[in-house]
Amino acid sequence: MQKSTWMKPLAITGIALLAFAGLAGCQGNSDQATSAAKTPLGNEAASHPAMNTADTSAKVTSGKIIATINGQPLYEENLKVIQSSLPKSKNIPEQDLLQRMIELRLLASAARQEGLDKQIKTKAQIQNAVDNQLANDYLSDYLSKMKVTDAELQPEYDQFVKGYPKTTQYKAAHILVKTKEEADAIIKQLDSGTPFDQLAKEKSQDPGSAKQGGELGWFDADQMVPEFSAAVEKLKKGEITQEPVKSQFGWHVIKLEDTRVAQPPTFAELKPQLETQYRRAAIEDLIKKLRAKAKIEIMSVPNTPEVKPAEAPKPAAEPAPATKP
């Protein structure tokens, strides 16, 4: 029996989804850092600096006005941005969402009246949110313009194939029953000439393979429980186990049909991962270029003890002059 119906993930470096500076990746706003305390819009509200900041550069100032709050406009674009960021599971009616946005504006206005927008921590959070949004939009735009060809991915695929492990794969069939006595009886029937696939369809209690005459297809040894793998590895092509094999699932009668050297996935199968890796490398290269052009001076790192320069070693004392006898 297989441990899992899922194949192991491919061992290829750097296929994780893109992320920037430890903040949200360029997959949309829903993954961005959220506020610890919920607002009327839930944590999603913190993802949209245009609705939380007093910085006029981050405010919508034109478009269709859908409401006013104390004379201040609320634009349709604000509603659209929130709608696009909400998970599909949160199917909030537009009117309900508008009411929550109004409540959010009222709370933000009350915070400004109390001077909370002047606190250094709040200013830092707002600035970080704006920087994060702009960085994500910049990277998303950069990636949308990038055209990745198969020719550019081929060298990475060739390198992957070159390092692909040369392991043995097995093609086998089995009949699973509850007791050793049942398995012994099946082995006797096989020895007398009854076809394996016929007995598998009639007697096997593995619903996944019984209808296929016990066929399990191709698999790596580590995809099966240890007892099953150990028995398969001892068989020669065409052989059937002469002793039932016990596992946590019951008793197995196994037939080894064929073996082969494990084949790497095709270029087409691996292409999505190769393309993700390629785009990630492009982002890293872009950031390196931006850093190279910039003038960066790091004055201090928070929570890092200051390291005093080591004192120069003192010169060794000169030997005293020798006295005359």
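Tabulated data
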read-out	value
Distant-in-sequence amide H partners of Glu257 (H built 1.01 Å from N, under 5 Å)	Lys171, Ala172, Ala173, Gly238
Taking segment 60-144 and dividing mean pair separation by its residue count, relative contact order in percent (alpha carbons under 8 Å, at least six apart)	16
Debye log10 I(q)/I(0) at q = 0.14, 0.25 Å⁻¹ for segment 181-233, Cα point scatterers	-0.43, -1.08
Heavy-atom SASA rank of Lys59, Lys201, Lys211 (probe 1.4 Å, accessible area, largest first)	Lys211, Lys201, Lys59
Protection-proxy order for peptides 65-73, 237-245, 96-104, 285-293, each taking the mean of Cβ atoms within 10 Å per residue, highest first	96-104, 237-245, 65-73, 285-293
Added length on full extension, which subtracts the Cα-Cα distance from 0.36 nm per residue, Lys178 to Gln205	8.9 nm
Of all accessible heavy-atom area on segment 171-240, the percent that carbon and sulfur account for (1.4 Å)	50
Reachable aspartates and glutamates from Lys271, criterion Cα separation under 16 angstrom, eight or more residues apart if same chain	Asp150, Glu152, Glu156, Asp158
Calculated from backbone phi, Karplus (6.51, -1.76, 1.60) coupling profile of segment 208-222 in Hz, x at Gly/Pro	x, 10, 4, 5, 9, x, x, 5, 10, x, 7, 7, 8, 4, 6
Separation between Cα centres of segment 79-100 and segment 186-216, rounded to whole Å	56
Karplus-derived 3J(HN,Hα), 6.51/-1.76/1.60, for each residue of segment 62-74, Hz, glycine and proline x	8, x, 7, 8, 9, 6, 10, 10, 6, x, 9, x, 10
Estimated inter-spin distance, Gln154 and Ile120, nm [label 7 Å along Cα→Cβ]	5.8
Summed side-chain charge close to Ser209 - residues other than Ser209 whose Cβ falls under 11 Å, Lys, Arg +1, Asp, Glu -1	-1
Accessible heavy-atom area order of Glu152, Glu181, highest first, probe of 1.4 Å	Glu181, Glu152
Extension gain, Glu103 back to Lys289 (0.36 nm per residue minus Cα-Cα distance, nm)	62.6 nm
Sites Gln113 and Ile298 - FRET efficiency at Förster radius 45 Å, r taken between beta-carbons, to 0.05	0.75
Listed pairs Lys64/Lys293; Lys123/Lys147; Lys64/Lys295; Lys80/Lys121; Lys188/Lys234 exceeding 31 Å between Cα atoms	Lys64/Lys293; Lys123/Lys147; Lys64/Lys295
With all protein chains modelled, accessible area of Phe196 [1.4 Å, Å²]	20
Cα centroid separation, segment 261-302 to segment 157-177 (Å)	30
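The values are calculated or read from the model by the stated rules, or taken from the named source; none is laboratory data. In this text, all values refer to a predicted model and were calculated from it rather than measured experimentally. Cβ: placed from backbone, ideal geometry, glycine included. Neighbour counts: every protein chain shown. Surface accessibility is based on the protein's heavy atoms, side chains included, excluding ligands, DNA and RNA. Shrake-Rupley method; radii C 1.70, N 1.55, O 1.52, S 1.80 Å.
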